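To start, the structure itself, in structure tokens.
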Amino acid sequence: MAPGATVYVMPAPRFKTIHLLLAFRQVLGRSAVTKGALLPRVLRRGTRRWPDRRTLAGHLEDLFGASFGTSSSKMGDHQVIEATFSSAAPDALGRSGWRTAGSGPAGRAVPIHGASLLAMAFSDPAPPGPEGASLTTGGLRADYVREEKDGLRRDIEAVSDDRMSYAHYRCVSEMCRGEPAALHSLGYSADLHDIGPPELDGFRLGLLEAAPAAAYLVGPVDDVTADQVAEVLAREIPALASDRPRAIPPSAPHRRPGDEREVVEHADVEQARLVVGLHTGVVLGDEQFAAQVVYNGLLGGFIHSRLFRRIREEAGLAYYAWSRVMPAKGLILISCGIEAGNYRLALDLIRGELASLGAGDFTGDEFGATRNSVLALAKARLDSASSLVYGHLEALATGLELDEISPWRELERVTEDAVREFASRPVIDTVYLLAREPKTGAESAPSGRETWPADQGSEDPLGE
């Protein structure tokens, strides 16, 4: 395989299924992010050999009822464009599974056929129709591109319907203004107009030629199967076997903020959404990252955490209150659903808990319970193929290659002193509130806040 194109094997005899994933990565940018969101939607429609949903479904049925899908996602400053395949492990099928497989391939060859399907999805998608037919122009089927553009446009326009996710996106886009991570993973509806089959196919070919590629094989597999999967990928996508290096810059940690910013946007919402973005500067692979994970657990990672107990249970100010780490950006997001009138009270309580933890004010019992919860969650992720793969992909985004056990080992070694040392790092970068617009005559925002409608702003992907 070419430099920057790697097959990662994660043997897991405990799994009853085999999972494969083929992913290409690019740095998020306005000119390409919408194509990156659209391409996998078109590729899932079929390949040259199985050019529509009916024939593709028949092929998957022959592979013991396997599943196939495509998607795109954002990890730090990177966009990941992927195809996935999963099937029952041969040893898990039993005799009845072999008998009901019909004319399909031998069970132990299923991973090889799965790898071939993933490769063909990218290298040999369903082609245009006959010359003169309505399906022509470009290297992709025009009807598939048109239909998937319409679907993506609807999804982009519906982003604000999920108020919590929208508030998270808007807070991150405000914090990371000028950084790739500010862009939404679905892209921009305004850019869809200029994307036709030739443009999208050119983007696809560019990924195959130059984008870093990672393939994953997870489950009860052996070295022979892994070698065969690598051979299939290199054969079906010849560019992966070239000597041309494939590299992109790692996701950059968010720059330390200057003054704290406060942003209020208005929408017709019953429940206001408060999101507080904290800058820590600690990313995956840093010495203090494990301490950051435990700190987040103390702050808002669990139902026994500070935010849930203080803001929801004791003060009754929030419908929910939690926090999470953004590993590739050195950020922590705090999220609350509140009554708009409780905004200042909830924010003051958040500031109080940040100050308390920053002063090292937590007990040994609190630390022990939180670390145990963090370790239990980390252990559970070892039993999830998708968690193993996406955890590794997130590490790749920061320029690292971690084995699946490394995070567990680091968390086991975290001490109270390490968490107290880290606890002085988080500072509030941006406070974001999405709430119903006040009635006429009411004060819309205290002085010093930036305020504008939720459907405007240069970084908003909903803008036409």
(message) Could you check segment 256-285 and list, in sequence order, the residues that are assigned to a loop (DSSP other than H, G, I, E, B), closer than 22 Å to GLU179 by Cα and touching a residue at least 24 places away in the same chain (Cβ under 8 Å)?
(response) ARG256, PRO257, GLU260, THR280, GLY281, VAL282, VAL283, LEU284, GLY285
(message) Looking at segment 28-50, can you tell me whether even one residue there is aliphatic (A, V, I, L, M) and modelled with pLDDT under 95?
(response) no
(request) Please work out if ALA119 is crowded, with 20+ Cβ neighbours inside 10 Å, of a type in the set (Gly, Ala, Ser) and at pLDDT 95 or above. (result) yes
(message) Can you confirm whether GLY330 is modelled with pLDDT of 95 or more, farther than 30 Å from PHE85 by Cα and surrounded by fewer than 16 Cβ atoms within 10 Å (Cβ to Cβ)?
(response) no
(request) Name every residue in segment 15-28 that is under 16 Å from the mean Cα position of the chain (by Cα) and outside any strand (DSSP E or B), in order of residue number. (result) LEU28
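Among the candidates HIS193, HIS184, which residue alone is out of contact with any Gly (no Cβ under 6 Å at 6 or more places or on another chain), surrounded by 22 or more Cβ atoms within 10 Å (Cβ to Cβ), modelled with pLDDT of 95 or more and within 20 Å of ARG30 (Cβ to Cβ)?
Selected residue: HIS184, the only one of HIS193, HIS184 that is out of contact with any Gly (no Cβ under 6 Å at 6 or more places or on another chain), surrounded by 22 or more Cβ atoms within 10 Å (Cβ to Cβ), modelled with pLDDT of 95 or more and within 20 Å of ARG30 (Cβ to Cβ).
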(message) Quick test of your reading of the structure: HIS184 fulfils all but one of (1) in a loop (DSSP other than H, G, I, E, B); (2) under 19 Å from ARG255 (Cβ atoms). Name the failing condition by number.
(response) (2)
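Among the residues of segment 339-349, are any of a type in the set (D, E, K, R), assigned to a helix (DSSP H, G or I) and over 25 Å from the mean Cα position of the chain (by Cα)? Explain how you work it out, then say what you get.
Applying the first criterion (of a type in the set (D, E, K, R)) to segment 339-349 yields 339, 344, 348.
Next cut, assigned to a helix (DSSP H, G or I) only: 344, 348.
Adding the requirement that they be over 25 Å from the mean Cα position of the chain (by Cα) leaves 344, 348.
Checked against the condition, which is being of a type in the set (D, E, K, R), assigned to a helix (DSSP H, G or I) and over 25 Å from the mean Cα position of the chain (by Cα), segment 339-349 yields at least one hit.
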(message) Among the residues in segment 238-247, are any of a type in the set (D, E, K, R), closer than 30 Å to THR47 by Cα and assigned to a helix (DSSP H, G or I)?
(response) no
(request) Scan segment 36-54 for residues that are part of a helix (DSSP H, G or I) and out of contact with any strand residue (DSSP E or B) (no Cβ under 9 Å at 6 or more places or on another chain) and report the count. (result) 2
(request) State all residues of segment 356-366 that are in contact (Cβ under 8 Å) with a residue 60 or more places away in the chain, in a helix (DSSP H, G or I) and surrounded by fewer than 18 Cβ atoms within 10 Å (Cβ to Cβ); if no residue qualifies, say none. (result) GLY358, GLU366
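Here is a yes/no grid of residues against (1) outside any helix (DSSP H, G or I); (2) on the phi < 0 side of the Ramachandran plot; (3) in contact with a Gly (Cβ under 7 Å, 6 or more places away or on another chain); (4) assigned by TED's automatic domain parsing to the domain that holds GLY285:
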{"position": "LEU333", "(1), (2), (3), (4)": "yes, yes, yes, yes"}
{"position": "GLY337", "(1), (2), (3), (4)": "yes, yes, no, yes"}
{"position": "LEU354", "(1), (2), (3), (4)": "no, yes, no, yes"}
{"position": "GLY368", "(1), (2), (3), (4)": "no, yes, no, yes"}
{"position": "ARG371", "(1), (2), (3), (4)": "no, yes, no, yes"}
{"position": "LEU388", "(1), (2), (3), (4)": "no, yes, no, yes"}
(request) Report yes if some residue within segment 402-411 is crowded, with 16+ Cβ neighbours inside 10 Å, at pLDDT 90 or above, of a type in the set (Asp, Glu) and assigned to a helix (DSSP H, G or I); otherwise report no. (result) no
(message) So the check is Cβ under 7 Å with 6+ separation or different chains; which pairs have a first residue in segment 13-37 that's closer than 13 Å to ILE195 by Cβ and a second one that's acidic (Asp, Glu) and surrounded by fewer than 23 Cβ atoms within 10 Å (Cβ to Cβ)?
(response) THR34/ASP191
(request) Go through segment 412-434 and give me each residue that's surrounded by 15 or more Cβ atoms within 10 Å (Cβ to Cβ), assigned to a loop (DSSP other than H, G, I, E, B) and either at pLDDT below 95 or not hydrophobic (A, V, I, L, M, F, W, C) (or both). (result) ARG425, PRO426
(request) Could you please let me know if LEU396 is in contact (Cβ under 8 Å) with a residue 24 or more places away in the chain, not in a helix (DSSP H, G or I) and not polar (S, T, N, Q)? (result) no
(request) Kindly list, by first and then second residue, each pair from a residue in segment 300-319 that is without any contact (Cβ under 8 Å) to a residue 40 or more places away in the chain to a residue that is small (Gly, Ala, Ser) and assigned to a loop (DSSP other than H, G, I, E, B), limited to pairs with Cβ atoms under 6 Å and residues at least 6 apart or on different chains. (result) none
(request) Within segment 62-104, count every residue that is surrounded by fewer than 16 Cβ atoms within 10 Å (Cβ to Cβ), farther than 19 Å from HIS392 by Cβ and either of a type in the set (Ser, Thr, Tyr) or at pLDDT 95 or above (or both). (result) 4
(message) Out of everything in segment 224-244 that is in contact (Cβ under 8 Å) with a residue 60 or more places away in the chain and over 11 Å from ALA119 (Cα atoms), what residue ends up being surrounded by the fewest Cβ atoms within 10 Å (Cβ to Cβ)?
(response) ASP243
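The values are calculated or read from the model by the stated rules, or taken from the named source; none is laboratory data. On a predicted model such as this, the values are computed, not experimentally measured, just so you know. FYI the Cβ positions are ideal-geometry reconstructions off the backbone, even for glycines, and counts take in every protein chain you see.
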